[in-house]
Structures are given as C-alpha cells and as structure tokens.
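To start, the structure itself, in structure tokens.
Read-outs throughout are calculated quantities, based only on the coordinates presented, and are distinct from any laboratory measurement. Note that the coordinates shown come from a computational prediction; the quantities given were computed from them, not determined experimentally. Cβ placement follows ideal geometry from the backbone for every residue including glycine, while neighbour counts extend to all protein chains displayed.
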C-alpha cells in the first residue's frame, strides 16, 4: 500500500477534501480493485478499542457513513486531548492558527516560521504583545475570506482592517502598532497562499507606522 497524503487538504477523485488529521493510503488490486483507505491520525490520539495511534475511517469522504465515523473519531480525539490537559488547537484556517504558524507555539509544539526567527528579540516581544490581542479578539476569524470585497458580517472581507483601525481611533499609536503588525501577518498569509493579496495595503498608505513599529518593508 502506498501513502497518498498526510494533510488536511486531500484530493479525492471527485472533490477536494479538507479534513484535519486525515490521510489516505492507496491499495492496489484485490477483490475490490484499486481504492483508497482513509485513516485518522493526531498527535497523542489512541484508538479507544485497539489503542493504536490511527483509526480507519470506512468509506469515502462525502458518504454519510464516512462523515459520521470521522466526526466520532475527531470528537474522541478532542475528549482525549482535554483529558490530557493539552491546550486547544486553533481552528483550521483561523487567524489564531495563522498567528501560531507565524510565531510558533511552544505549548502546541509548533515551530516558529523562518520570518519570525529572523526578527530581533525586542521586535518579537513587541509583535507578540499585538498578536496576543489579535488572537484574543479575532482568533476565530477565518483568514480565507479577508481578501474578498465584502463580507456577510462586520469583521469579514476587505473592510476588516479599516474597521479595526476605526475602532482604535481614540488610541492612534496603538492603532499604528496593530495595523503594522497585522500587515506583516497578512503578508505572511499571502506568501503561504492563504490570501490572494494583502487586504490592508491601502490602509497603510494613510499614515506612517508608529515609532517602534516595524518599517513597511520589514516582512521578509
């Protein structure tokens, strides 16, 4: 059997599958012919019956039985994680996940990005203060929709950054720090392919970054 993918984004024959902790193995020949076998695997997870580190998910993505089995297994992995006292993983595609991937997260064993490691320690501390505020307030926000012209909710679409800046109008220095750090974070998302374009490029032209904030080109 040949492993096909170990990712939350897996291409099946008919559609793209975006389910975390799922991977497929190609099985050739046999009575049922060539097919894919799907498995759930997550750090720290044990199958409640076999105690193996993976669980077979029968069927194919999109089928009712497959979806139900995947959800039961994912729920069990969450129950085990809580029992171990581990911190909650950020939702897939969320701003909190982007922040964790950018600066790393020791509790979740996520290594910092190369861009973060190149920053001076003082700059890392300054950015972390802002990133903590962004994660606390907007951590569940989906990054994927931030380059769209509009959104269905207040904090969605391209209006996100301008509305954030407006909400900080009474503290312009803090607003400058917030927007500067957010611009660098979103530029990181662009280079990862999670956004088509940095949604705040026009906003940054309204004023200069605050003293102590990173210069406009400091996102290498």
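How would you rank 162-170, 93-101, highest first, on the average number of other Cβ atoms within 10 Å across their residues?
Top of the packing list down: 93-101, 162-170.
Which length gain, in nm to one decimal place, applies between residue 54 and residue 91 when the Cα-Cα distance is subtracted from 0.36 nm times their residue separation?
Working: separation 37, 0.36 × 37 = 13.32 nm, distance 2.11 nm.
Full-extension gain reported as 11.2 nm.
Output the peptides 79-85, 187-193 sorted from most to least packed, where packing is the average of other Cβ atoms within 10 Å over each peptide's residues.
187-193, 79-85
Please work out how much length the chain gains when fully extended from residue 114 to residue 34, using 0.36 nm per residue of separation minus the C-alpha to C-alpha distance, in nm with one decimal.
Once the chain is fully extended between residue 114 and residue 34, it gains 24.8 nm.
Which of the peptides 172-182, 22-32 is most tightly packed, and how do the rest follow, going by the mean number of other Cβ atoms within 10 Å of each residue?
Descending mean neighbour count gives 172-182, 22-32.
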